[in-house]
1. Mind listing just one residue for me: the one in the stretch 134-152 that is of a type in the set (S, T, N, Q) and touching an Asp or Glu at 6+ places or on another chain (Cβ under 9 Å) and, of those, surrounded by the fewest Cβ atoms within 10 Å (Cβ to Cβ)?
2. Return the residues of the stretch 85-133 that are buried (at least 18 other Cβ atoms within 10 Å of the Cβ), of a type in the set (Asp, Glu) and under 23 Å from PHE161 (Cα atoms); say none if nothing qualifies.
3. So in the stretch 14-56, with the set limited to residues that are assigned to a strand (DSSP E or B) and among the hydrophobic types (A, V, I, L, M, F, W, C), which one is farthest from VAL135 (Cα to Cα)?
4. Being farther than 15 Å from ILE131 by Cα, touching a Phe, Trp or Tyr at 6+ places or on another chain (Cβ under 9 Å) and open to solvent by 30 Å² or more (accessible area, probe 1.4 Å) is the filter here, so list the residues in the stretch 181-211 that pass it.
5. On the given criteria, is VAL135 in contact with a helix residue (DSSP H, G or I) (Cβ under 8 Å, 6 or more places away or on another chain) and modelled with pLDDT of 95 or more?
6. Tell me which residues, restricted to the stretch 115-158, are farther than 20 Å from HIS5 by Cα and touching a Lys or Arg at 6+ places or on another chain (Cβ under 8 Å).
7. Tell me which residues, restricted to the stretch 8-24, are in contact with an Asp or Glu (Cβ under 9 Å, 6 or more places away or on another chain) and open to solvent by 80 Å² or more (accessible area, probe 1.4 Å).
8. Applying the selection to the stretch 158-175, what residues are farther than 18 Å from GLN99 by Cβ, surrounded by fewer than 15 Cβ atoms within 10 Å (Cβ to Cβ) and not small (Gly, Ala, Ser)?
Amino acid sequence: MRIKHLKLKTNKLHEMREFYIALLQMQLSEQTNTSFTVRVGNTLLTFEGSTEDPFYHYAFSVNQLNYEELVQRIPTFTPLLADNDGETLFFSGLWQRSQAYFKDPQGNILEILPSTELFSPDQTWIQVQEIGVTVADINDLISVIQKVKNVYRKTSDMMSFYGDEEGVLVLVKEGRHWFPTNETARSAPVEVIIDEDHVEEIVYGDFRLIGSQVKGAY
């Protein structure tokens, strides 16, 4: 499941645009008075203005050649997030790679993972690897999205990974903490366009998932 376009909300549009373009150095793809889109390698990431105060978790795959440089550079403008033991560098059991976390101006919890492939050093950002989807009932959502390719077994009723090695929906029950913090997950509008052409539009609460061939996907 490759995430081709991820659309999220923010009530800090200007600060977020500066953060993603000037600090994270992502390429601006499009902007209006109420939104902006950056290119994260194979994924487009859009933030749309909102009067609400949304909160998300998502992960980026980054060029392994640039991963260590990012780990060193990110703390110059925002701290790496630490667990209860004060550790800031971790190892992902799911992806079998190093991982680090930090926040953007919205307070979203961002994660970076080094890619398993080699890319040109000038390509830092590879794709959005994960997006958290917070719901009241994980089992109910799984029953709705069964047409989407999934290679993972449900791990618990509190959190489960859904997808494959190219991209994952992190399904989380409302109120569960997002690692490595004690901040609780809460539902917020999420729209995900994936590369599975057979998937039609699926709407479940604040979550919208559509295949790339659905009319109006772009």
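1. ASN139
2. Across the stretch 85-133, the qualifying residues are GLU111, GLU130.
3. Checking each candidate, the answer is LEU28.
4. Once the filter is applied, which keeps residues that are farther than 15 Å from ILE131 by Cα, touching a Phe, Trp or Tyr at 6+ places or on another chain (Cβ under 9 Å) and open to solvent by 30 Å² or more (accessible area, probe 1.4 Å), the stretch 181-211 yields GLU183, THR184.
5. Answer is yes for this residue.
6. Residues satisfying the conditions are THR116, VAL135, ALA136, ASP137, ILE138, ASN139, ILE142, ASP157, MET158.
7. GLU15
8. Step one: list which residues in the stretch 158-175 are farther than 18 Å from GLN99 by Cβ, which gives 158, 160, 162, 164, 171, 173-175.
Checking the rest, the ones that are also surrounded by fewer than 15 Cβ atoms within 10 Å (Cβ to Cβ) come to 158, 164, 174-175.
If the condition is that a residue be farther than 18 Å from GLN99 by Cβ, surrounded by fewer than 15 Cβ atoms within 10 Å (Cβ to Cβ) and not small (Gly, Ala, Ser), then MET158, ASP164, GLU174 are the ones that fit.
The values are calculated or read from the model by the stated rules, or taken from the named source; none is laboratory data. Treat the numbers as computed from the prediction; the structure is a model and nothing was measured. Here the Cβ is made from the backbone with ideal geometry for all residues, glycine too, and neighbour counts use every protein chain on show. The area values use the complete protein model at the heavy-atom level, side chains included, leaving out ligands, DNA and RNA. Shrake-Rupley method; radii C 1.70, N 1.55, O 1.52, S 1.80 Å.
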